[in-house]
Amino acid sequence: MKKPTLALRDWQARIARFRFEDRFRRGRKVKNSNQSRYIVPGEKISAPQFFNLLRGDGREVVKFLRATARAVLVLKKQVVLNFRNTEQFHVPATILLFAEIDRITSLSDLTKPITIREPIRRRPREVMKQIGLHNLTGDNSDVIPEREDVVYWKATKGNSQSGDLYGPLVEAVAAKANKDHVNQIEVAGLWRSVNEAVANSVDHAYKKPRFDNFSGLDETKWWMFSQIREHAFTIAVCDLGCGYRKTINERIPEKFIAFMDSKLMGANRDAIAIDTAMEYGRSGTHEEHRGKGSRDALSLLLKHGQGDLIVLSNTGWMRYSYENNREASRESGSLDIDIGGTIIWWNLPLHRIEHENH
């Protein structure tokens, strides 16, 4: 073997130093920063695996939505939303996704600002097709929803409290529930509860801008889902407004707000605002005109006898659970991130009618 020359040994030493320094630099890099985690080169934005606001996944969902809004509305760039690895859609996160995509596409001046890359799994693909997400982005999907827990997803939206906009949706899904189940949905009570949520969205949600100065769309003030799934009737109303906390002093006496603040000291401030509105609606003046609380939201649970009402507003949430025609539990918590709106979600259990075999 020939002895290495002095020049070759010097070159090998330089290469070794370069490789060592390169490994050192790469080892010191901060991995998974918010920006690199959600926006990769080419403005392809990866969607979370789970769309859920209440089980620790809310931060991922909201960061994904903010990355999309920033790319389209601030940077003025077309984006591809990559849902390939998405496996599950939970109602509150899904209606927030639907509303935000509608908001972003409505505000953008770009030609086709958002393109969807569908999930690999069939069930989430069916959900996206059933709720009409592709209609918002102008994409095509050849999947045909067939699953029993998907085909009864229904979605609508509007800018007024006219029952003509959401009435057919509410009545159609309630009729399906009442046809196949023993414990019937009381349609009149359902109407009042939904109307209360829609009216609050129209009358109060956009009086003040939210964290990003968005103050509402002319054509859409609220978004609504209804669904029958796993022996439960679900309906959810979402707005992208400023939340309970910023408008509660316009609807409820200051003395009552101060009382609830002292009673719930230490809780999330947005959760306190939600509970204040609910408690005032139940035990306040009971005046007939709207805006004096949220009594109709809870009355639906009382009439049905059992079920859950979950209200999310900005950074906080409240859950009210009813059993045997009375409140069984009340929980509150923090989302650790601002969802930029309010979601009111009813979940009423149903029991199927057992048909006898003759």
Checklist entry - For the range 98-113, which residues satisfy the criterion of being farther than 20 Å from I235 by Cβ and either in contact with a Leu (Cβ under 7 Å, 6 or more places away or on another chain) or surrounded by fewer than 20 Cβ atoms within 10 Å (Cβ to Cβ) (or both)? => result I101, R103, I104, T105, S106, L107, S108, D109, L110, T111, K112
Checklist outcome for this item: (1) surrounded by 16 or more Cβ atoms within 10 Å (Cβ to Cβ); (2) farther than 28 Å from Y206 by Cβ; (3) at pLDDT 80 or above; (4) touching a strand residue (DSSP E or B) at 6+ places or on another chain (Cβ under 8 Å) all hold for A155 apart from (2)
Checklist outcome for this item: Condition set small (G, A, S) and in contact (Cβ under 8 Å) with a residue 60 or more places away in the chain, scope the range 205-240, selection surrounded by the most Cβ atoms within 10 Å (Cβ to Cβ): answer is S226
Next on the checklist: Can you say whether R84 is of a type outside the set (A, V, I, L, M), assigned to a loop (DSSP other than H, G, I, E, B), under 17 Å from S46 (Cβ atoms) and not assigned by TED's automatic domain parsing to the domain that holds G216, as far as the supplied structure shows?
Outcome noted: yes
Checklist entry - Mind checking whether some residue in the range 99-122 is among the small types (G, A, S) and at positive phi? => result no
Next on the checklist: With the structure loaded, tell me whether I116 is of a type outside the set (D, E, K, R), crowded, with 17+ Cβ neighbours inside 10 Å and part of a helix (DSSP H, G or I) or whether it fails that test.
Outcome noted: no
Checklist entry - Yes or no: S193 modelled with pLDDT under 85, buried (at least 22 other Cβ atoms within 10 Å of the Cβ), of a type in the set (G, A, S) and more than 30 Å from E43 (Cα to Cα)? => result yes
Checklist entry - Can you name the condition, by its number, that I95 falls short on among (1) outside any helix (DSSP H, G or I); (2) buried (at least 22 other Cβ atoms within 10 Å of the Cβ)? => result (1)
Next on the checklist: Being within 16 Å of T137 (Cβ to Cβ) and surrounded by 17 or more Cβ atoms within 10 Å (Cβ to Cβ) is the filter here; which residues of the range 68-88 pass it?
Outcome noted: T68, A69, A71, V72, L73, V79, L81, N82, F83, T86
Checklist outcome for this item: Matching residues in the range 50-97 (of a type in the set (D, E) and either at positive phi or out of contact with any Lys or Arg (no Cβ under 7 Å at 6 or more places or on another chain) (or both)) number 2
Next on the checklist: What are the pairs with Cβ atoms under 8 angstrom where one residue, in the range 268-280, is more than 11 Å from I248 (Cα to Cα) and touching a residue at least 40 places away in the same chain (Cβ under 8 Å) and the other, located anywhere, is β-branched (V, I, T) and surrounded by fewer than 24 Cβ atoms within 10 Å (Cβ to Cβ)? Sequence gap at least six, or different chains.
Outcome noted: N268/T315; R269/T315
Checklist entry - Name the residues in the range 115-135 that are of a type outside the set (D, E, K, R), farther than 21 Å from W222 by Cα and over 17 Å from the mean Cα position of the chain (by Cα), would you? => result T115, I116, P119, I120
Checklist entry - Got a number for residues in the range 76-103 being out of contact with any strand residue (DSSP E or B) (no Cβ under 8 Å at 6 or more places or on another chain) and free of Cβ contacts under 8 Å to residues at least 60 places away in the same chain? => result 2
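The values are calculated or read from the model by the stated rules, or taken from the named source; none is laboratory data. What you see is a predicted model, and the numbers here were worked out from it, not measured in a lab. Here the Cβ is made from the backbone with ideal geometry for all residues, glycine too, and neighbour counts use every protein chain on show.
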